[in-house]
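I have placed the structure first, in the form of structure tokens, so that the comments after it can refer back to it.
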Amino acid sequence: MNDGTMASPVLKLEHLSMKFGGLVAIGDLSFEAKRGEITALIGPNGAGKTTVFNCITGFYKPSEGMITLTSSNGSEFLLERMPDHEITAKAKVARTFQNIRLFSGMTLLENLLVAQHNKLMKASGFTLLGLFGFASYRRASKASIELAQHWLEKARLVDRADDPAGDLPYGAQRRLEIARAMCTGPELLCLDEPAAGLNPRESAELNALLNDIKDTDGTSILLIEHDMSVVMEISDHVVVLEYGRKISDGNPAFVKNDPKVIAAYLGVDDEEVGNVLTEVGDDEVLQQLEGGPDILHGPHSSSSMMAGSVMDSIDHSDPLGERVTVSPNASRASQIDARGRTAASKTARATAAMPVASPAKESAPAIAGALSAPRGGQADRLVLIKGIGPINEKKLNDHGIFHFDQIAAWTEADVVVAEAYLAFDGRIAREDWIGQARELAKRAAAAPSGAKRGGK
């Protein structure tokens, strides 16, 4: 699909801001998604990615800014002014969520027919024509079944069309959700972490489906994703967010080699961030993040007299994990500087105290139930707990925490020790690590041997 319209933007965000009282979740965000391309929106938890999706799809009405969708026939829709149901019905924006939301008791075919409910209701004359079997309804019903079968074939699920959706493996359920969204005939398909929890084989099948949608159907895709292998393999354009602000925007090769992205998102240890930012001269970006919003275009006092800088305003989290506590000046570089000052202060105190003999200090308290090694030689994937990344998983492993049930059994004292060790401040309770760990431990215990995603 390479006609002249493909290079034009299907979606344009201009100076988008979203505030919740004094919280600036999105500040002066602008970017474009090109027609017929896959655009990825990446960033850490709390960056505001799901909030952007909620503004695009009408769940939230932005405090400021414009969201323009241009359809293939040239019609323009100002999404921020439309009710959420019209964004789906008229502007043709479809969406999937972080958590799978299928009708698990319905068959795969029935799930895809539900997505065509509005079309079938119109063809049935809102029940009467369908009740009496009019030819117009029979034609519409046949066409809907054929469309559903088409997308089941695309998703490689047609052989299970009559099985309950809840019986599918996790990766197949993800593909079914995308197939259901495609049955609505969207201009823009918004996918919220479609590769979350998938193994490498399932990720490859997902990549094949999304590339097929882009190449043969021409649907534009906007996706949020933490799996960098998926992002770099299938994306045409990548936008990087931090604390609701855009810090990088370009093709995957550019973003992958952007020092700011490398330091902040793609696996550089905290201890290395200060060196990286110093080497690349990141003062300008840090000043932007630490400074107040753009008065001309971004958040200002007309929306909230309390709204200060982005760093000062992010002060709580929501169930989707898109806002986390960030203390003033809490950029990575500031954290490195603070650690350096603390280390220097400790060194000075230790040097001053050297002539005085003193008994050895007690070692830091350990978390109850810590193990010297994972049970059975196989640790659980603690990164499945929202809020734990690869670096913190390694730190917990070093502290003797390898399994979900260990975290599920933490007491308040254990949480205090863990937060001190990880340099967190109340985050474990806000993100409900213990509740997540209990649920994951139950799933692991209930799963057949050899099929546990966490592994014990």
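Hey, among Arg101, Arg81, which residue is modelled with pLDDT under 90 and surrounded by fewer than 21 Cβ atoms within 10 Å (Cβ to Cβ)?
That would be Arg101, the only listed residue that is modelled with pLDDT under 90 and surrounded by fewer than 21 Cβ atoms within 10 Å (Cβ to Cβ).
I need the strands (runs of 3 or more DSSP E) fully contained in region 163-263, keeping only those with at least 3 residues that are of a type outside the set (D, E, K, R), more than 30 Å from Arg443 (Cα to Cα) and out of contact with any Phe, Trp or Tyr (no Cβ under 6 Å at 6 or more places or on another chain). Lay out the reasoning, then the answer.
On the way: elements: 188-192, 220-224, 237-242, 245-250.
By residue number, 220-224, 237-242, 245-250.
Cβ-Cβ under 6 Å, sequence separation 6+ or interchain: first residue in region 40-58 and modelled with pLDDT of 90 or more, partner of a type in the set (Lys, Arg). Which pairs?
Leu41/Lys49; Thr57/Arg95
Return the residues of region 391-449 that are modelled with pLDDT under 85, of a type in the set (S, T, N, Q) and buried (at least 19 other Cβ atoms within 10 Å of the Cβ); say none if nothing qualifies.
Of everything in region 391-449, just one residue is modelled with pLDDT under 85, of a type in the set (S, T, N, Q) and buried (at least 19 other Cβ atoms within 10 Å of the Cβ), namely Asn392.
Checking Ser220 against (1) surrounded by fewer than 20 Cβ atoms within 10 Å (Cβ to Cβ); (2) out of contact with any helix residue (DSSP H, G or I) (no Cβ under 7 Å at 6 or more places or on another chain), which single condition isn't satisfied?
(1)
Give Ala165, Ala204, Ala181 a once-over and let me know the one that is of a type in the set (Gly, Ala, Ser) and out of contact with any strand residue (DSSP E or B) (no Cβ under 8 Å at 6 or more places or on another chain). Spell out how you get there, then give the answer.
Values: Ala165 fails: out of contact with any strand residue (DSSP E or B) (no Cβ under 8 Å at 6 or more places or on another chain); Ala181 fails: out of contact with any strand residue (DSSP E or B) (no Cβ under 8 Å at 6 or more places or on another chain).
Result: Ala204 is the single residue among Ala165, Ala204, Ala181 that is of a type in the set (Gly, Ala, Ser) and out of contact with any strand residue (DSSP E or B) (no Cβ under 8 Å at 6 or more places or on another chain).
Only residues that are charged (D, E, K, R), at negative phi and in contact with a helix residue (DSSP H, G or I) (Cβ under 8 Å, 6 or more places away or on another chain): list them for region 151-166, please.
Lys154, Arg160, Asp162, Asp163
Kindly provide the set of residues from region 173-187 that are of a type outside the set (Val, Ile, Thr) and touching a helix residue (DSSP H, G or I) at 6+ places or on another chain (Cβ under 8 Å), ordered by number.
Answer for region 173-187, where residues must be of a type outside the set (Val, Ile, Thr) and touching a helix residue (DSSP H, G or I) at 6+ places or on another chain (Cβ under 8 Å): Gln173, Arg174, Arg175, Leu176, Ala179, Arg180, Met182, Cys183.
For region 132-142: of the residues being among the hydrophobic types (A, V, I, L, M, F, W, C) and exposed (fewer than 15 other Cβ atoms within 10 Å of the Cβ), which is nearest to the chain's Cα centre (by Cα)?
So the residue we want is Ala135.
Please determine whether any residue of region 137-150 is small (Gly, Ala, Ser), assigned by TED's automatic domain parsing to the domain that holds Met232 and touching a His at 6+ places or on another chain (Cβ under 8 Å).
no
Among the residues of region 143-169, which ones are touching a residue at least 40 places away in the same chain (Cβ under 8 Å) and surrounded by fewer than 21 Cβ atoms within 10 Å (Cβ to Cβ)?
Of everything in region 143-169, those that are touching a residue at least 40 places away in the same chain (Cβ under 8 Å) and surrounded by fewer than 21 Cβ atoms within 10 Å (Cβ to Cβ) turn out to be Gln149, Lys154, Arg156, Arg160, Ala161, Asp162, Asp163, Pro164, Gly166, Leu168.
Listed residues Ser17, Ser75, Ser71; which is surrounded by 24 or more Cβ atoms within 10 Å (Cβ to Cβ), out of contact with any helix residue (DSSP H, G or I) (no Cβ under 6 Å at 6 or more places or on another chain) and farther than 19 Å from Leu223 by Cβ?
From the options Ser17, Ser75, Ser71, the qualifying one is Ser17.
Being of a type in the set (Lys, Arg) and either buried (at least 23 other Cβ atoms within 10 Å of the Cβ) or not assigned by TED's automatic domain parsing to the domain that holds Leu13 (or both): is that true of Arg201 here? Give the derivation first.
On the way: of a type in the set (Lys, Arg): yes; either buried (at least 23 other Cβ atoms within 10 Å of the Cβ) or not assigned by TED's automatic domain parsing to the domain that holds Leu13 (or both): no.
Taking the combined requirement at face value, the residue does not satisfy it.
The values are calculated or read from the model by the stated rules, or taken from the named source; none is laboratory data. Just so it is clear, the structure is predicted and the values come from calculations on it, not from any experiment. No Cβ is skipped: glycine too gets one built from the backbone with ideal geometry, and neighbour counts run over all protein chains shown.
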